[in-house]
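Peer 1: Quick one: the structure is below, questions incoming.
The values are calculated or read from the model by the stated rules, or taken from the named source; none is laboratory data. Everything numeric in this text was worked out from a predicted model, so none of it was measured. Cβ atoms come from the backbone with ideal geometry, glycine included; neighbour counts cover every protein chain shown.
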2 protein chains.
Amino acid sequence: MNFNSLEQSHIDKFVEIVGLERFSTGDSNLELHARDQSHHPASKPEAVIWPVNSTEVSSILRYANDNLIPITGWGAGSSLEGNPIPVLRGVVLDFSRMNHILAVRESDFQADVQPGVIYKDLNTKLRHSGLFFPPDPGARATIGGMIANNASGVKTVRYGSTRANTLRLSVVLASGEILDMGSRSSKTSSGYDLINLFVGSEGTLGIVVEATVRLKGLPAEISAATANFPSVEAAGEAVFEIMRYGLDPASLELLSPECIELINNEKDLGLKVSPTLFMEFHGPLKRYLNEVMDMAEEICGSVGCQDFRPGLATKERDNILSARYELAEMIMRAHPGRSQMVIDVAVPISAYPDIIAMAKSQLQEAGIAGYIFSHAGDGNLHLVFMGKDGDEEEWRIIEQVNENMVKEALSAGGTATGEHGVGIGKRKFMEAEHGIGVELMKKFKSLLDPKGILNPGKLIP
Amino acid sequence: MNFNSLEQSHIDKFVEIVGLERFSTGDSNLELHARDQSHHPASKPEAVIWPVNSTEVSSILRYANDNLIPITGWGAGSSLEGNPIPVLRGVVLDFSRMNHILAVRESDFQADVQPGVIYKDLNTKLRHSGLFFPPDPGARATIGGMIANNASGVKTVRYGSTRANTLRLSVVLASGEILDMGSRSSKTSSGYDLINLFVGSEGTLGIVVEATVRLKGLPAEISAATANFPSVEAAGEAVFEIMRYGLDPASLELLSPECIELINNEKDLGLKVSPTLFMEFHGPLKRYLNEVMDMAEEICGSVGCQDFRPGLATKERDNILSARYELAEMIMRAHPGRSQMVIDVAVPISAYPDIIAMAKSQLQEAGIAGYIFSHAGDGNLHLVFMGKDGDEEEWRIIEQVNENMVKEALSAGGTATGEHGVGIGKRKFMEAEHGIGVELMKKFKSLLDPKGILNPGKLIP
């Protein structure tokens, strides 16, 4: 598809739609929308627009569609697969001014939000009500970005991904049409499910301008523990057994010794440097959680756990969790002049011990700075490499490890991307994962965005 | 679309594909596939085929597509909206011989099944493993039929609908292509979500030939109670409060006095004849469930509950649940010469007290034999009318009540069908519920089934 570069007439039209203050071609603004948190090369858009309502988004898309101008939605830029990098330039729509919580219906366990709402801000606002929006990717992600990527995180093992917590969407199509999908009813069997096609579509089928999300009750009681193991393989076995016994953890995170060292250096938490599981259980009664914790300890012990520390105080627990959230940034800070590549495979839980063992051996063979951590309870493994910028040989090796890991995950019935999305880096695996399903995806793309203006160069191989 | 009637050359080809034994044009077989459990008029297919594998299904669909022969999938015929009635005749594919449980992977909480597996049979087989497939529509439904309708039931309030419990599908498209979708990984962000487009599509986009479903652990403890109220409105208030307080019932069913009378007559359970809530709580510890039950009793008391009976023994509980399952059949037996129309709206839980009040007043105004029962915890209400066969005036009134209820549900942000699907009867409400979304649904239909051979006359208005 041949897109048009931005001309003065285009600029005049966009300014007419949103006004001068919310349109920019200034280089600092273009720079701020040229890269996400991944290693993928930056690419500056030609302009940035900050829409404030769906009518503006509709007018912008209709015009861009008529004039073959690429449109890429932008939440917080915290993605890890180049998902919002405007590789074919055009206009970035930054949703930071559409950040209003429109309604909280506590009794329905629902909230209506604009796409630019930071999910942590929603949860702060909800705290007094005893409710929360559970998908928890860690970064200061926007809910619009989370929907685009079907984001998940440390609490997904119990509370589900963004998909499972999205009830209703209002989406602007490439044509400018506004489409409302879904229902406020907690269940429906009314016609084709459109909403799930847009969740996880990375802004390539339409632009989300409003969402109704599910809320959950904050747990009455939380118990947390750390467990140290002699090897990541042993920790992987413990993960499998904890899930197999149905202990229903609210978090079950694995951290390699290298991650623990970084956390100790930055946070002075004095954690024991060995493969570590962090686990959290939520429930209505402390004594019930104590029994669950006893079972977890027994399971961990049976596969060689050396040190099981239950009953973490709230502060310790929060410190570990916030360190886990900041881990990606810590890793980047520890390796100046290098960029991160996050491998993001996920497998059925029975395949988890094997994939974690493979990750460790691949890391050792590669001989490049790398870190293993994992939303272990979901079978979702991250292997983070810090590749030297410009060192082609290092990046070749890293890419080879990525391919090896994805191939292994797919052969175990898993997925090339558990939560970061396809973006730029995973496009090449789409055919191996989906077979002729990719052809169907291409048809859906052509149907909804025939000129291909929405986030071009992403997701579809 | 003009379809072809079945000619000898078609018959020869189908017999070539499946053999003589699994092809029939015999009238008794056509009769058996002419109606479901709804009031919608019977329509006999021209032939019935019992495929045994996906290759046969693929060959049948490819040939039918080339020769413009309608194809309608058939599970158990237990649907309630005419969903599998072959209104444009053609061939019915009966999946009763594709009823194998292909694999149970206990440690992954997953099972692979063919579409003709009766979900109750799967649960019987799973019992020793401590696992179960939770969607629970009550009838002897097949899993293929449940996927087609996104079925749900008495345990959906806690464990989700069929959609939430389907991980992977293998589907034969109208072209004969076989498409594998989804992942065995418990989460994925890899490309467009195709699987949810097929779940709930009522066999109009493709025919499911294999599925991987999620399993859950059987609860260690179950507590159940009945609560009697002076009015269905008061019972509706109790439902709202139980959900609002987050008591997380595993079942929360409402039965009107008329239903209780029927159950007493047929089952001799001696239940008190008044609006009744049946509730079940699942959990790991009895003493926790006791506390939950105390809260439920307090809530019910605060809105006028006259008789709260906690601690139902297993046998009492099973009796009530199985009576609930058989209720639709009891209603039919009680009204010979009449057919049932089941209204199936669902609303956000805050709108539940109002919709239940409306159902009661509509029922009184109509003056026709009718029953209110409800998957109350989901905000899903059934109002069952038994209309006299051939009495046009009665059916006009019933249809008017249906329209009134749907209109009210939609204006409350709910849905025209909580679990029975669109089928024949709900097509006329699709535009009111989905707006321009219906145009998109039509486009998906054209894309996947351009000749419209798959279950024609259903779902799409």
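Peer 1: Please indicate, with yes or no, whether at least one residue in segment A:43-53 is of a type in the set (A, V, I, L, M), more than 25 Å from A:Arg338 (Cβ to Cβ) and more than 27 Å from the chain's Cα centre (by Cα). Can you show your working first?
Peer 2: Kept after step one, since they are of a type in the set (A, V, I, L, M), are these residues of segment A:43-53: A:47-49, A:52.
Next, from what is left, pick out any that are more than 25 Å from A:Arg338 (Cβ to Cβ): A:47-49, A:52.
From the residues that got through so far, the ones that are more than 27 Å from the chain's Cα centre (by Cα) too are none.
No, that holds for no residue.
Peer 1: May I ask you to list pairs of residues, at least six apart or on different chains, whose Cβ atoms are under 6 Å apart, with the first in segment A:376-389 being within 11 Å of chain B (Cβ to nearest Cβ) and the second being among the aliphatic types (A, V, I, L, M) and part of a strand (DSSP E or B)?
Peer 2: Partner pairs satisfying both residue conditions: A:Gly377/A:Leu252; A:Gly379/A:Ala346; A:Asn380/A:Ala346; A:Leu381/A:Val345.
Peer 1: Could you please let me know if A:Ala359 is crowded, with 19+ Cβ neighbours inside 10 Å, at pLDDT below 90 and away from chain B (no Cβ under 14 Å)? Don't jump to the end; show me each part of the working.
Peer 2: Details: crowded, with 19+ Cβ neighbours inside 10 Å: yes; at pLDDT below 90: no; away from chain B (no Cβ under 14 Å): yes.
Spelling it out, it is not the case that A:Ala359 is crowded, with 19+ Cβ neighbours inside 10 Å, at pLDDT below 90 and away from chain B (no Cβ under 14 Å).
Peer 1: Right, here's the next one. Pairs under 9 Å by beta carbon, first residue under 30 Å from B:Leu68 (Cβ atoms) in segment B:160-177, partner among the aliphatic types (A, V, I, L, M) and assigned to a loop (DSSP other than H, G, I, E, B), six or more apart or different chains?
Peer 2: B:Leu169/B:Leu194; B:Leu169/B:Val199; B:Val171/B:Leu194; B:Val171/B:Leu205; B:Leu173/B:Leu205; B:Ala174/B:Leu205; B:Ala174/B:Ile453; B:Glu177/A:Ile436
Peer 1: Still on this structure: Quick test for you: out of B:Ala211, B:Ala220, B:Ala164, B:Ala174, pick the one residue that is at pLDDT below 95 and of a type outside the set (Asp, Glu).
Peer 2: Details: B:Ala211 fails: at pLDDT below 95; B:Ala164 fails: at pLDDT below 95; B:Ala174 fails: at pLDDT below 95.
None of the other options fit; the residue is B:Ala220.
Peer 1: Hey, among A:Ile397, A:Ile424, which residue is more than 9 Å from chain B (Cβ to nearest Cβ), surrounded by fewer than 23 Cβ atoms within 10 Å (Cβ to Cβ) and under 18 Å from the mean Cα position of the chain (by Cα)?
Peer 2: Values: A:Ile397 fails: under 18 Å from the mean Cα position of the chain (by Cα).
After applying the criteria, what remains is A:Ile424.
Peer 1: Here is a further query. Which of the following residues is in contact with a helix residue (DSSP H, G or I) (Cβ under 8 Å, 6 or more places away or on another chain) and touching a residue at least 60 places away in the same chain (Cβ under 8 Å): B:Phe23, B:Phe14? I'd like the intermediate steps shown before the answer.
Peer 2: Values: B:Phe23 fails: touching a residue at least 60 places away in the same chain (Cβ under 8 Å).
Answer to the selection: B:Phe14.
Peer 1: Of the residues that make up segment A:405-416, is at least one under 19 Å from B:Phe198 (Cβ atoms), more than 7 Å from chain B (Cβ to nearest Cβ) and surrounded by fewer than 24 Cβ atoms within 10 Å (Cβ to Cβ)?
Peer 2: Checked against the condition, which is being under 19 Å from B:Phe198 (Cβ atoms), more than 7 Å from chain B (Cβ to nearest Cβ) and surrounded by fewer than 24 Cβ atoms within 10 Å (Cβ to Cβ), segment A:405-416 yields no hits at all.
Peer 1: A further question on this structure: Can you pull out the residues in segment B:262-286 that are charged (D, E, K, R), more than 13 Å from chain A (Cβ to nearest Cβ) and farther than 27 Å from B:Ile349 by Cα?
Peer 2: At the first step, the residues of segment B:262-286 found to be charged (D, E, K, R) are B:266-268, B:272, B:280, B:286.
Cutting the leftovers down to more than 13 Å from chain A (Cβ to nearest Cβ) gives us B:266-268, B:272, B:280.
Within segment B:262-286, B:Glu266, B:Lys267, B:Asp268 meet the criteria.
Peer 1: Have a look at A:Gly414, A:Gly379, A:Gly367 and point out the one that is at pLDDT below 95 and either in the same structural domain as A:Ser79 (by TED's automatic domain parsing) or over 17 Å from A:Ser38 (Cα atoms) (or both). Break it down stepwise before answering.
Peer 2: Details: A:Gly414 fails: at pLDDT below 95; A:Gly379 fails: at pLDDT below 95.
After ruling out the rest, the residue left standing is A:Gly367.
Peer 1: Quick one: would you say A:Ala151 is in contact (Cβ under 8 Å) with a residue 40 or more places away in the chain, within 24 Å of A:Leu80 (Cβ to Cβ) and buried (at least 22 other Cβ atoms within 10 Å of the Cβ)?
Peer 2: Numbers: in contact (Cβ under 8 Å) with a residue 40 or more places away in the chain: yes; within 24 Å of A:Leu80 (Cβ to Cβ): yes; buried (at least 22 other Cβ atoms within 10 Å of the Cβ): yes.
Taking the combined requirement at face value, the residue satisfies it.
Peer 1: Testing B:Val157 on (1) closer than 20 Å to A:Phe109 by Cα; (2) surrounded by fewer than 22 Cβ atoms within 10 Å (Cβ to Cβ), one condition comes back false. Which one is that?
Peer 2: Result: B:Val157 fails condition (2) only.
Peer 1: Out of all the residues in segment B:151-188, which are of a type in the set (S, T, N, Q) and facing chain A (nearest Cβ under 7 Å)?
Peer 2: If we filter segment B:151-188 for residues that are of a type in the set (S, T, N, Q), which is where we start, we get B:152, B:156, B:161-162, B:165-166, B:170, B:175, B:183, B:185-186, B:188.
Once the filter is applied, which keeps residues that are of a type in the set (S, T, N, Q) and facing chain A (nearest Cβ under 7 Å), segment B:151-188 yields B:Ser152, B:Thr156, B:Ser161, B:Ser183, B:Ser185, B:Ser186, B:Thr188.
Peer 1: While we're here: Just to be sure before I move on: is B:Gly130 surrounded by fewer than 24 Cβ atoms within 10 Å (Cβ to Cβ), within 13 Å of chain A (Cβ to nearest Cβ), farther than 27 Å from A:Ala151 by Cα and out of contact with any helix residue (DSSP H, G or I) (no Cβ under 6 Å at 6 or more places or on another chain) in the structure I sent? Spell out how you get there, then give the answer.
Peer 2: On the way: surrounded by fewer than 24 Cβ atoms within 10 Å (Cβ to Cβ): yes; within 13 Å of chain A (Cβ to nearest Cβ): yes; farther than 27 Å from A:Ala151 by Cα: yes; out of contact with any helix residue (DSSP H, G or I) (no Cβ under 6 Å at 6 or more places or on another chain): yes.
Against the criterion (surrounded by fewer than 24 Cβ atoms within 10 Å (Cβ to Cβ), within 13 Å of chain A (Cβ to nearest Cβ), farther than 27 Å from A:Ala151 by Cα and out of contact with any helix residue (DSSP H, G or I) (no Cβ under 6 Å at 6 or more places or on another chain)), B:Gly130 qualifies.
Peer 1: Can you find a residue in segment B:415-429 that is of a type in the set (Asp, Glu) and over 28 Å from B:Ala141 (Cβ atoms)? Write out each step before concluding.
Peer 2: So the first thing to find is which residues in segment B:415-429 are of a type in the set (Asp, Glu), and the list is B:419.
Next, from what is left, pick out any that are over 28 Å from B:Ala141 (Cβ atoms): none.
No, segment B:415-429 contains no residue that is of a type in the set (Asp, Glu) and over 28 Å from B:Ala141 (Cβ atoms).
Peer 1: So if I check each of B:Gly236, B:Gly217, which one is small (Gly, Ala, Ser), buried (at least 24 other Cβ atoms within 10 Å of the Cβ) and in contact (Cβ under 8 Å) with a residue 24 or more places away in the chain? Walk me through it before giving the result.
Peer 2: Working: B:Gly217 fails: buried (at least 24 other Cβ atoms within 10 Å of the Cβ).
Residue meeting the stated conditions: B:Gly236.
Peer 1: Further, regarding this structure: Go through segment B:85-122 and give me each residue that's within 14 Å of chain A (Cβ to nearest Cβ) and either closer than 14 Å to B:Ile71 by Cβ or of a type in the set (A, V, I, L, M) (or both).
Peer 2: Step one: of segment B:85-122, the residues within 14 Å of chain A (Cβ to nearest Cβ) are B:102-112.
Within segment B:85-122, B:Leu102, B:Ala103, B:Val104, B:Ala111 qualify.
Peer 1: Which of the residues that make up segment A:427-461 are within 20 Å of A:Gly379 (Cα to Cα), facing another protein chain (nearest Cβ under 8 Å) and of a type in the set (A, V, I, L, M)?
Peer 2: Of everything in segment A:427-461, just one residue is within 20 Å of A:Gly379 (Cα to Cα), facing another protein chain (nearest Cβ under 8 Å) and of a type in the set (A, V, I, L, M), namely A:Met430.
Peer 1: Does B:Val422 qualify as being in a strand (DSSP E or B) and not basic (Lys, Arg)? Working first, answer last.
Peer 2: Values: in a strand (DSSP E or B): no; not basic (Lys, Arg): yes.
Here the answer is no, as B:Val422 does not meet what is asked.
Peer 1: If you check B:Leu271, B:Leu262, B:Leu277, which single one turns out to be of a type in the set (A, V, I, L, M) and under 30 Å from B:Thr166 (Cα atoms)?
Peer 2: On the way: B:Leu271 fails: under 30 Å from B:Thr166 (Cα atoms); B:Leu262 fails: under 30 Å from B:Thr166 (Cα atoms).
Going through B:Leu271, B:Leu262, B:Leu277 in turn, just one is of a type in the set (A, V, I, L, M) and under 30 Å from B:Thr166 (Cα atoms): B:Leu277.
Peer 1: Next question, about the same structure. Are any residues in segment B:196-214 within 13 Å of another protein chain (Cβ to nearest Cβ), of a type outside the set (S, T, N, Q) and buried (at least 22 other Cβ atoms within 10 Å of the Cβ), and if so, which ones? Give the derivation first.
Peer 2: Pass one, segment B:196-214, residues within 13 Å of another protein chain (Cβ to nearest Cβ): B:196-206, B:212, B:214.
Remaining after also requiring of a type outside the set (S, T, N, Q): B:197-200, B:202-203, B:205-206, B:214.
Matches in segment B:196-214: B:Leu197, B:Phe198, B:Val199, B:Gly200, B:Glu202, B:Gly203, B:Leu205, B:Gly206.
Peer 1: Among the residues of segment A:134-150, which ones are farther than 16 Å from A:Thr212 by Cα, part of a loop (DSSP other than H, G, I, E, B) and within 11 Å of chain B (Cβ to nearest Cβ)? I'd like the intermediate steps shown before the answer.
Peer 2: First, pick out the residues of segment A:134-150 that are farther than 16 Å from A:Thr212 by Cα: A:136-141, A:149.
Retained after the next criterion (residues that are part of a loop (DSSP other than H, G, I, E, B)): A:136-141.
Passing the criteria: only A:Pro137.
Peer 1: Let me ask something else. What do you reckon, is A:Ile372 within 14 Å of chain B (Cβ to nearest Cβ) and not in a helix (DSSP H, G or I)? Spell out the reasoning first.
Peer 2: Details: within 14 Å of chain B (Cβ to nearest Cβ): no; not in a helix (DSSP H, G or I): yes.
In short, no.
Peer 1: Scan (1) of a type outside the set (Asp, Glu); (2) more than 20 Å from the chain's Cα centre (by Cα); (3) crowded, with 20+ Cβ neighbours inside 10 Å for the single condition A:Ile143 breaks and write down its number.
Peer 2: Of everything listed in (1) of a type outside the set (Asp, Glu); (2) more than 20 Å from the chain's Cα centre (by Cα); (3) crowded, with 20+ Cβ neighbours inside 10 Å, A:Ile143 misses just condition (2).
Peer 1: Inside segment B:246-276, can you point out the residues that are within 30 Å of A:Val292 (Cβ to Cβ) and in a strand (DSSP E or B)?
Peer 2: Passing the criteria: B:Ser251, B:Leu252, B:Glu253.
Peer 1: Is at least one residue of segment B:351-368 out of contact with any Gly (no Cβ under 6 Å at 6 or more places or on another chain) and outside any helix (DSSP H, G or I)? Outline the logic, then answer.
Peer 2: Initially, segment B:351-368 is screened for residues out of contact with any Gly (no Cβ under 6 Å at 6 or more places or on another chain), giving B:351, B:354-355, B:357-362, B:364-368.
Subsequent filtering for residues that are outside any helix (DSSP H, G or I) retains B:367-368.
Within segment B:351-368, one or more residues are out of contact with any Gly (no Cβ under 6 Å at 6 or more places or on another chain) and outside any helix (DSSP H, G or I).
Peer 1: Right, here's the next one. Somewhere in segment A:344-355, is a residue within 14 Å of another protein chain (Cβ to nearest Cβ), surrounded by 21 or more Cβ atoms within 10 Å (Cβ to Cβ) and aromatic (Phe, Trp, Tyr)?
Peer 2: Yes, there is a match, as at least one residue in segment A:344-355 is within 14 Å of another protein chain (Cβ to nearest Cβ), surrounded by 21 or more Cβ atoms within 10 Å (Cβ to Cβ) and aromatic (Phe, Trp, Tyr).
Peer 1: Going by the structure shown, is B:Glu403 assigned to a loop (DSSP other than H, G, I, E, B) and under 23 Å from B:Leu459 (Cα atoms)? Please lay out each step first, then the result.
Peer 2: On the way: assigned to a loop (DSSP other than H, G, I, E, B): no; under 23 Å from B:Leu459 (Cα atoms): yes.
No.
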